[in-house]
Every structure is written in C-alpha cells, then in structure tokens.
Amino acid sequence: MSSVARAAYALGQTARVGVYFGQYALSARLTRPVKPKRPIRGPFAGQEEILADLRGLLQRDWANIEAGLYRMPYDLLEEPVGALRRASRYFRDLRSVERRRHSGGHDEVLTQADRARYPRYYLQNFHFQSDGWLSPDSAAIYDHQVEVLFTGGADAMRRQALVPLGEFLHHRRSAATRMIDIACGTGRFLTFVKDNYPRLPVTALDLSPDYLAQTARNLRRWRGVETHQAAAETTGLPDASYDLASCIFLFHELPPKVRPQVAAEIARILKPGGRLLFVDSIQKGDQSSYDGLLDYFPVAFHEPYYSSYVETDLEALFGQAGLKTLSVERAYFSRVMVLEKSR
C-alpha cells in the first residue's frame, strides 16, 4: 500500500472518530444517566483506555488492509450532506429515547396484530429506540446510532470477520460458494463482503421487513443478493444449503432459551465443513477492565437479555449444536469467533 493510501485511511478514520465521538459526547450532555437498581461492582475502564483500545482496533483494521486481506472501506469518507441529515435524525430521536429510558417505555411496539407475526421477545423497543425493529425510520437511523455508541468503531469491528472469510475463500471459487448473513439488520456487513467479493452469492436474512428493505437499498449496487424474511431460529431454508454463515451482533439480543435454537438452526443450514463467522459483544472476562461497563450497558440501553449473554459459555452452546470453535479474538468491544460444522 502506498503512503497516499495510508494517509487517506488515517485522515478518513480521524474524521470519522472525531464526528462520532463528538456526537457521543454531546449525547451524554443532553441526557441524564440511569441509576442502576443495584450497585455495579465491576471495574469501569476510563475514557483514555477506551480511546487507546479504539486506536488499536483501527491500527489492526489498517494492517489488514495494508496486507491485502480486504479492501479500503468503500465509503470511508462520508458524504457531508447525508452525514448531517443522519446526525439531525439521530438527535431528534434522542429526545424520545431519553423519555423511554427514564419512564421504562420499552414495549411501545407490542400490538395485538404483531403478536401473530413475530415472536414475543422481538416486540420491544430495544435500545429504547423508536419503533423497535419495525419501521423504515428505525432502519434508516440504526447504523448511525451504533456508530455513535462505539464512537466510530462499529464498522471496523464488523470488518474483522472479513479476515476468516478471506481465508475460507482462498482455495474456493467465490461464485460457487453460498453465504448467508443471519439477522443481517441493514446489511451493513454484507456491503463490505460484496465490495471485496462481488461474485459471492449472498442471502440476507432478517425478521424485520423494514430492515430487509434497507438492506436491499444498501446492496443495490451489487448483483447476487437475495433477501429472506424469517426468524433466525426458524429460517425455513433447506438443510446443508450454505457453505458460509455470518451472524453479527444478534446473540446478545436473544433470550437464553432461543440462543441454542438459533445455533442449531445455523448448524442445520450449513454444509459439513461449513464455517460460521460470529461477531458480537465481548463477554465477562474478555477484557476485565470493561466488566463494569458490561453490567451497566443493559441498564442504560434496554437490552433485556444482555446480562445473561455476557455470562454464557458460547463455545459450549455452539458445540452442542455441532459447531466446533476454531478461534476466538477480541476486537475493541466485540468478540470475533470462527466456528466449523463437523464433517
């Protein structure tokens, strides 16, 4: 990689972190902290440590790009007008989020009509966000909300799954390989996948029709993209129909009894020898200085199943479904796992 590319990456990420960290700081000034019902005893990492960890993530991201493991982000420099529009929508919605945070308003999307169409656990205002997962407005603002939360590091965490993806495809023809992204959300991860492997056929699966519509818009520049509306635990897809699956930031939002069902469903639709690329929140002990933050997170953001997630033995859970853990790494606030279905 040239020095020009290095400078472009550094400039782009410095601007990105500055923008999202600034919005994170402003959000903190505009909102009131939530007092936990019980004292939180775990250690809290300070801002200096967290920012140093973020720098480490971005250094790792650049090292992967420099080594040719994946391409420079296609949208590293955000279009200013669009970025300002998204920031404006974020701060307008922040008032509603703050109201719910202090009133306990997390079931506004629970309606009799939706009870027949979605699992009960799904009908909540996760993160106290407006409309839960069930509106075009929610889908349009979601990625911005996540980047503010992680001060510009969310995309770089997702991109760490591109490294084992590339290793899996190294001796395969991408056009002859089938991949599915489980609970794809807005399709953000798949945009990086398709930018690096445009001939790889991908299926984007999500339960929300509005998020799937956003996925289709985000991926419209690429061919070979299918969308499939279904719950992750009951996809309705054929046995052994995919070589590769990804699952990004889903499991911490699943009830404990549903997690094994999703793991078993992923194993069922993977071919023998197929891989699962898993990225989700870190867990207790992955970075001990963050343990207090993990305890506080579900208090500040409506995450009803998060506390059980951070204590779950994921290797054992996936192992019971027939998925063997090949590697586990930490990348900032994310846990990156690679698993393989038994042959």
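The values are calculated or read from the model by the stated rules, or taken from the named source; none is laboratory data. Everything numeric in this text was worked out from a predicted model, so none of it was measured. Note that each Cβ is placed from the backbone with ideal geometry, even for glycine, and that neighbours are counted across all protein chains shown. Ligands, DNA and RNA are excluded from the accessible area calculation, which covers all protein heavy atoms including side chains. Shrake-Rupley method; radii C 1.70, N 1.55, O 1.52, S 1.80 Å.
Take segment 247-264 and flag every residue that is within 11 Å of residue 280 (Cβ to Cβ) and either open to solvent by 10 Å² or more (accessible area, probe 1.4 Å) or not basic (Lys, Arg) (or both).
Scanning segment 247-264 gives 247, 248, 249, 250, 251, 252, 253, 254.
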| request: Working carefully through the options 172, 178, find the one that is touching a residue at least 60 places away in the same chain (Cβ under 8 Å), touching a strand residue (DSSP E or B) at 6+ places or on another chain (Cβ under 6 Å) and either among the charged types (D, E, K, R) or on the phi > 0 side of the Ramachandran plot (or both). | output: 178
| said: Among the numbered criteria (1) in a helix (DSSP H, G or I); (2) in contact with a His (Cβ under 6 Å, 6 or more places away or on another chain), which one does residue 55 miss? | reply: (2)
| query | Name the residues in segment 272-306 that are assigned to a loop (DSSP other than H, G, I, E, B), among the acidic types (Asp, Glu) and within 18 Å of residue 337 (Cα to Cα), would you? | reply | 286
| query | Within segment 307-326, which residues are in a helix (DSSP H, G or I), aliphatic (A, V, I, L, M) and without any contact (Cβ under 8 Å) to a residue 60 or more places away in the chain? | reply | 316, 317
| message | Scan segment 331-342 and tell me whether some residue there is at pLDDT below 95 and more than 16 Å from residue 45 (Cβ to Cβ). | response | yes
| task | Could you figure out which of (1) free of Cβ contacts under 8 Å to residues at least 60 places away in the same chain; (2) assigned to a strand (DSSP E or B); (3) buried (at least 18 other Cβ atoms within 10 Å of the Cβ) isn't true of residue 336? | result | (1)
| task | Find the residue count for segment 137-149, including only residues that are within 11 Å of the chain's Cα centre (by Cα) and either more than 18 Å from residue 23 (Cα to Cα) or not charged (D, E, K, R) (or both). | result | 2
| task | Spot the failing condition for residue 262; the list is (1) among the β-branched types (Val, Ile, Thr); (2) out of contact with any Pro (no Cβ under 6 Å at 6 or more places or on another chain); (3) part of a strand (DSSP E or B), and only one is missed. | result | (3)
| query | Which residues, taken from segment 210-242, are farther than 14 Å from residue 181 by Cα and touching a residue at least 40 places away in the same chain (Cβ under 8 Å)? | reply | 210, 213, 214
